[in-house]
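Student: Take a look at the following structure, please.
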Amino acid sequence: MLTVESKKYGLLGKNISYSFSKKYFTEKFSNQLFADCSYENFDIESIAEFPILLKNNLDIKGLNVTIPYKESILPYLDKLSKKATLIGAVNVVRYTKNGLLKGYNSDYYGFKKSIQPLLQPHHKKALILGTGGASKAVAFALDELNIYYTFVSREASDKTITYDRINATTFDNFQIVINCTPLGTSPNIEEFPPIPYHFFTDKHLAFDLIYNPEESAFLRKAKKRGATIKNGFEMLIFQAEKAWEIWNK
């Protein structure tokens, strides 16, 4: 009797009980075609636990990676794809045929595919709120779309302005505002990035990588001023399917 090799996939992160990925792939694997596949959350306190996790789960074929490990996982990988190297962050990991761990980034692909249909000719500049791994993927996608961007953070640097620098002139010059921070994620749904929302207009596009809740406080406030809004749910679907494609190369 032939035995089918089980294929385990999962999400690596911290405090990920809310996980979109587990629900998405569990539903996908309920199809008889994927009866040999399973998906689970690997919730670890520190990235230092990653090698132990791999040792205890030898049947893992691929992983999604989420906050806060998209950058800190890099030293634990044997190889990176060209785009993951350029982005400097990873959200997909797979074993190569040689048994090496290789990191990829599908976040940029999901974001680009999700925002592209909303772009109008006047959408030429973007503010990226946050400087973590997700914001790096967003910046890479904006580069491919020929949209100029500036990062916004609590601390200023060569490529970053602080939140208190944002004013009416900023909103005149930047027609896209993208929230890459976790502010507003369930259960802390009343939180939002500290920007002057009253400067949003119907010429602006507000994109939030958050998908739970469906309409974050950031999006709600922008919508009230007439802005076009979009949450991160569709982006997640696109990046998840790209991850599946990567695992099955």
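The values are calculated or read from the model by the stated rules, or taken from the named source; none is laboratory data. Keep in mind that what you see is a predicted model, and the values were worked out from it rather than measured. Cβ sites come from the backbone with ideal geometry, for glycine too, and all protein chains shown count toward neighbours. Keep in mind that these areas ignore ligands, DNA and RNA; they rest on the heavy atoms of the full protein, side chains included. Shrake-Rupley method; radii C 1.70, N 1.55, O 1.52, S 1.80 Å.
Student: Would you check if there is a residue in the stretch 189-208 being touching an Asp or Glu at 6+ places or on another chain (Cβ under 8 Å), β-branched (Val, Ile, Thr) and surrounded by fewer than 20 Cβ atoms within 10 Å (Cβ to Cβ)?
Tutor: No, every residue in the stretch 189-208 fails to be touching an Asp or Glu at 6+ places or on another chain (Cβ under 8 Å), β-branched (Val, Ile, Thr) and surrounded by fewer than 20 Cβ atoms within 10 Å (Cβ to Cβ).
Student: Follow-up question, since we're still on this one. Pull up the stretch 121-132, narrow it to residues that are in contact (Cβ under 8 Å) with a residue 60 or more places away in the chain and over 23 Å from Leu183 (Cα atoms), then point me to the one that is surrounded by the most Cβ atoms within 10 Å (Cβ to Cβ).
Tutor: His123
Student: Then there is this: Out of Tyr69, Tyr76, Tyr104, which single residue is of a type outside the set (A, V, I, L, M, F, W, C), closer than 23 Å to Phe42 by Cβ and open to solvent by 20 Å² or more (accessible area, probe 1.4 Å)?
Tutor: Tyr76
Student: Take Tyr211 and tell me if it is in a loop (DSSP other than H, G, I, E, B), out of contact with any Ser or Thr (no Cβ under 8 Å at 6 or more places or on another chain) and of a type in the set (Phe, Trp, Tyr).
Tutor: It is true that Tyr211 is in a loop (DSSP other than H, G, I, E, B), out of contact with any Ser or Thr (no Cβ under 8 Å at 6 or more places or on another chain) and of a type in the set (Phe, Trp, Tyr).
Student: Can you say whether Ile115 is at pLDDT below 95 and touching a strand residue (DSSP E or B) at 6+ places or on another chain (Cβ under 8 Å), as far as the supplied structure shows?
Tutor: Spelling it out, it is not the case that Ile115 is at pLDDT below 95 and touching a strand residue (DSSP E or B) at 6+ places or on another chain (Cβ under 8 Å).
Student: How many residues, within the stretch 222-235, are surrounded by fewer than 20 Cβ atoms within 10 Å (Cβ to Cβ) and either part of a helix (DSSP H, G or I) or of a type in the set (Phe, Trp, Tyr) (or both)?
Tutor: So the answer is 4.
Student: Right, another one. Identify, please: which residue in the stretch 133-171 is hydroxyl-bearing (Ser, Thr, Tyr) and not in a helix (DSSP H, G or I) and is, among those, surrounded by the fewest Cβ atoms within 10 Å (Cβ to Cβ)?
Tutor: Per the criteria, the residue is Ser157.
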